[in-house]
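S.K.: One structure, as structure tokens, below. Some questions next.
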Amino acid sequence: MTEATSDYARPTALPEALALLAAGPLTVLAGGTDLYPATQAQRLAGPLLDITALEGLAGVTVGPEGLRIGAATTWTELAETDLPPALAALQQAARLVGGRQIQNAGTIGGNLCNASPAADGVPPLLVLGAEVELASVRGVRRLPLAEFVLGVRKTARTPDELLTAVHIPAAALAGTSAFVKLGARAYLVISIAMVAVRIVAERGRVVEAVLAVGACSAVARRLPQVEAALVGAPLSEVATRITAAEVGAALSPIADIRGTADYRLEAACVLLRRAVAQALPVEEVA
């Protein structure tokens with residue numbers, strides 16, 4: 001049953017929601033943790049599509065092709081679900097998104113669609129090769145997360161589409177990962193820089209390295225040159241192979257009120273080394 005007024009709708013089934021989106025532009029409301037702070041009014045301007053009652057839009061499931069995260073899955077649920085070590089970075093990020101109240105309400109889909117350069121969920125998902133699932137009355141399509149977030153507050157989602165899930169391929173569930181962020185204080189802060197890394201190691205050497213940096217450019221970015229430099233490295237030498245020149249070439253760091261471009265570049269390098277050290281499997285290092 002759909003709860004609706006002239007400027008507010010709260011459907012319980014996905015086909016209803018997609019039909020409403022197809023009928024005209026709507027602001028999609030999930031946790032609201034990004035939407036509410038963006039307005040100075042006492043209430044959100046309509047028309048609104050509230051997706052909090054949609055069945056099947058939340059939760060984490062594992063299948064032969066990998067892992068599926070429903071777009072309405074909250075940060076708290078992500079943090080508390082039993083997940084492979086490759087998703088440790090995503091769970092660490094989930095525990096650092098705002099306070100407990102924000103984590104209970106905020107959703108991973110909302111974080112991606114808000115497309116902030118400092119969106120904590122993006123770097124951990126980039127190192128997992130994540131794809132987003134977009135549904136409309138025209139059908140369902142998938143595209144890599146790197147092709148979904150296009151710029152500041154800009155995504156590839158069309159007005160009649162709803163982000164319904166994030167998919168992690170089975171191959172990306174290998175290895176261990178870590179997430180580290182830097183802000184003006186330890187908690188409840190927008191990142192100056194943040195990084196996520198995923199490392200797969202065998203016989204004391206890196207066989208796969210995936211690194212991403214957020215809050216340093218308009219969109220979070222992978223670091224392919226740095227990744228290539230780490231493959232084959234003895235675990236004891238991994239951190240030393242992360243150079244400012246290669247990190248800077250991938251980022252073109254921005255400057256704003258929270259930090260200069262030079263500061264962000266230096267911070268990104270330090271955070272990457274720390275994250276790599278955290279992500280290295282203990283038994284391999286030993």
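Please treat every number below as a calculation from the coordinates, not as lab data. Quick caveat, the model's predicted, so the values are computed rather than measured. Neighbour counts run over all protein chains shown; Cβ positions are idealised from the backbone, glycine included.
S.K.: Taking the Cα atoms only, what angle lies between the long axis of helix 261-279 and the longest principal axis of the chain, rounded to 10 degrees?
M.R.: 80
S.K.: Note down the Stokes-Einstein diffusion coefficient of the range 48-196 in µm²/s, whole number, using a Kirkwood radius over alpha carbon pairs, 37 °C, and 0.692 mPa s.
M.R.: Diffusion coefficient, whole number: 212 µm²/s.
S.K.: Then there's this: Please report Rg over Rh for the range 1-135, where both radii come from the alpha carbon positions and Rh follows the Kirkwood definition.
M.R.: Working: Rg = 15.3 Å, Rh = 15.8 Å.
A ratio of 0.97.
S.K.: Specify which residue in the list LEU230, TYR263, GLN278 is farthest towards the positive end of the charge dipole of the range 173-285, using unit charges on the beta carbon of Lys, Arg (+1) and Asp, Glu (-1), about the Cα centre.
M.R.: My answer, from the dipole projection, is TYR263.
S.K.: Distance from the Cα centre of the range 33-91 to that of the range 194-265, in angstrom?
M.R.: That distance is 27 Å.
S.K.: What residue among ALA275, ALA196, ALA255 shows peak mean-square fluctuation when the chain is described by a Gaussian network model with Cα springs under 10 Å?
M.R.: ALA255
S.K.: When the dipole is taken about the Cα centre of the chain, and only Lys, Arg (+1) and Asp, Glu (-1) are charged at their Cβ, what size is it in debye, to the nearest 20?
M.R.: So the magnitude is around 580 debye.
S.K.: Please get the size of the charge dipole for the range 116-200, origin at its Cα centre, with Cβ charges of +1 on Lys and Arg and -1 on Asp and Glu, quoted in debye to the nearest 20. Mind showing how you got there, number by number?
M.R.: Details: 9 positive and 6 negative charges, 36 e Å.
Dipole of the range 116-200, to the nearest 20 debye: 180 debye.
S.K.: The range 60-109: Rg/Rh from Cα coordinates, Kirkwood Rh? Can you show the working numbers first?
M.R.: Values: Rg = 10.7 Å, Rh = 11.1 Å.
Expressed as Rg/Rh, it is 0.97.
S.K.: Where the only charges are on Cβ atoms (+1 Lys, Arg; -1 Asp, Glu), what is the dipole of the range 173-285 about its Cα centre, to the nearest 20 debye?
M.R.: 260
S.K.: Under the √(5λ) rule applied to the eigenvalues of the Cα gyration tensor, what semi-axes describe the equivalent ellipsoid of the chain? Give them in Å, descending.
M.R.: Those come to 34, 21, 16 Å.
S.K.: Please work out the ratio of the alpha-carbon Rg of the range 6-60 to 2.2 N^0.38 Å and round it to two decimals.
M.R.: For the range 6-60, the normalised Cα radius of gyration comes out at 1.17.
S.K.: Follow-up question, since we're still on this one. Which loop GluC sites (Glu not before Pro) in the range 59-166, with loop taken from DSSP, have no more than 12 other Cβ atoms within 10 angstrom of their Cβ?
M.R.: GLU65
S.K.: Based on the inverse mean of 1/r over its pairs of different Cα atoms, what is the Kirkwood hydrodynamic radius of the range 173-285, in Å?
M.R.: Mean inverse Cα-Cα distance, inverted, gives 14.0 Å.
S.K.: Viscosity 0.890 mPa s, temperature 25 °C: what is the translational diffusion coefficient of the range 154-230 from Stokes-Einstein with a Kirkwood Rh over Cα pairs, rounded to a whole number of µm²/s? Don't skip to the answer; put the middle values down first.
M.R.: Numbers: Rh = 15.0 Å.
It diffuses with D of about 163 µm²/s by this estimate.
S.K.: Using DSSP to define loop residues, name the trypsin sites (Lys or Arg not before Pro) in the range 173-217 whose beta-carbon has at most 12 other beta-carbon atoms within 10 Å.
M.R.: ARG185, ARG203
S.K.: On to the next question. Take the chain, connect every pair of alpha-carbon atoms lying under 10 Å apart with a spring to form a Gaussian network, then pick out the residue of ASP256, ASP160, ASP50 with the largest mean-square fluctuation.
M.R.: ASP256
S.K.: Also: Residue by residue through the range 227-242, what is 3J(HN,Hα) from phi via Karplus (6.51 cos²θ - 1.76 cosθ + 1.60, θ = phi - 60°)? Round to whole Hz and write x for glycine and proline.
M.R.: Running phi through 6.51 cos²θ - 1.76 cosθ + 1.60 with θ = phi - 60° gives 4, 4, 5, 8, 5, x, 6, x, 4, 6, 10, 4, 4, 6, 8, 8 Hz.
S.K.: While we're looking at this one, here's another question. In degrees between 0 and 90, to the nearest 10, how far off the longest principal axis of the chain does helix 14-23 point, with axes built from Cα atoms?
M.R.: Taking Cα atoms only, the helix is inclined about 70 degrees.
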